[in-house]
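One structure is given below, encoded as structure tokens.
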Amino acid sequence: MKKIRVGFGYDVHQLQAGYDFWLGGIKLAYEKGAVGHSDADVLIHVICDALLGAANMRDIGYHFSDKDPKYKGIDSKILLRDVMKLIREKGYEVGNIDSTICLQIPKVNPHIPEMKKCLAEVMEIDEEDISIKATTTEQLGFVGREEGVSAYCAVLIEKA
Ligand SMILES: [Zn+2]
């Protein structure tokens, strides 16, 4: 019988001037960027966490410690590639991914096709199996005050 499992991820990063803004594997042109030990790509981080959760393999911080200088400033696409390797080693393949980015500005929607293409390549899955949605928080909370970016992700993985 086919084994199907669900996973979920949530992550937040601060936005500050003087940092690059990596989101969904691409660099956005904006006066602020996301702050973190890695390149702080919040969308990739929630996808990694959702995949690891689905496979019951802890979380991104467990595998790639933010205390480890090896991961300082690392391209999160490398982490995502490693996570895909981990879940495939356990016999799983991705069914589908559904994610939501919460960001007040800049607008995410125009960049979604490029993000999907980039992530599909890194994960070696179909673009059709990656959904990326974007929302503002109507000026409310830390996202609304443009102090941070957050994201949520649900995934389904399966093994034959
Ligand atoms: Zn993160």
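The values are calculated or read from the model by the stated rules, or taken from the named source; none is laboratory data. Predicted model only: the values in this text are computed from it and were never measured. Here the Cβ is made from the backbone with ideal geometry for all residues, glycine too, and neighbour counts use every protein chain on show. Side chains included, ligands, DNA and RNA excluded: accessible areas come from the protein's heavy atoms. Shrake-Rupley method; radii C 1.70, N 1.55, O 1.52, S 1.80 Å.
Using the 1.4 Å probe convention, the accessible area of the range 48-111 works out to 51 Å² per residue with neighbouring protein chains retained. Only one residue of Met123, Ala134, Tyr30 has its Cα farthest out toward the positive end of the dipole of the range 1-138, where Lys and Arg carry +1 and Asp and Glu -1 on Cβ, and that residue is Met123.
Relative to the longest principal axis of the Cα atoms of the chain, helix 112-123 runs at roughly 40 degrees.
For the range 63-119, the square roots of the Cα gyration tensor eigenvalues, ordered a ≥ b ≥ c, give a/c of at least 1.5 with a/b no greater than b/c, which places it in the oblate category.
The protection proxy used here, the mean number of other Cβ atoms lying within 10 Å of each residue, ranks peptides 74-81, 10-17 as follows, highest first: 74-81, 10-17.
How much of the accessible area of the chain, in percent, comes from carbon and sulfur atoms when a 1.4 Å probe is used? Within the chain, the accessible surface is 51 percent carbon and sulfur. Computed from the C-beta positions of Lys27 and Phe142 and an R0 of 22 Å, the FRET efficiency is 0.50 to the nearest 0.05.
Counted residue by residue at 0.36 nm each, then reduced by the alpha carbon distance between them, the extension gain from Thr135 to Leu86 reaches 14.6 nm. On the basis of the beta-carbon distance and an R0 of 25 Å, Ala17 and Ile74 show a calculated FRET efficiency of 0.70. In this Cβ point-charge picture (+1 for Lys and Arg, -1 for Asp and Glu), the chain has a dipole of about 380 debye about its Cα centre. Shape of the chain from the C-alpha gyration tensor: prolate (a/c of 1.5 or more and a/b above b/c, with a ≥ b ≥ c the square roots of its eigenvalues).
The angle between the Cα long axis of helix 76-89 and the main principal axis of the chain comes to about 20°, on a 0 to 90 degree scale.
List the residues of the range 90-120 whose backbone N lies under 19 Å from a point placed 7 Å from the Cα of Ile4 along the Cα-to-Cβ direction. The answer is 91-99, whose backbone nitrogens lie closer than 19 Å to the label point.
Grab the beta carbon distance between Arg58 and Asp126, set R0 = 30 Å, and tell me the FRET efficiency rounded to 0.05. Efficiency, from the Cβ-Cβ distance: 0.65.
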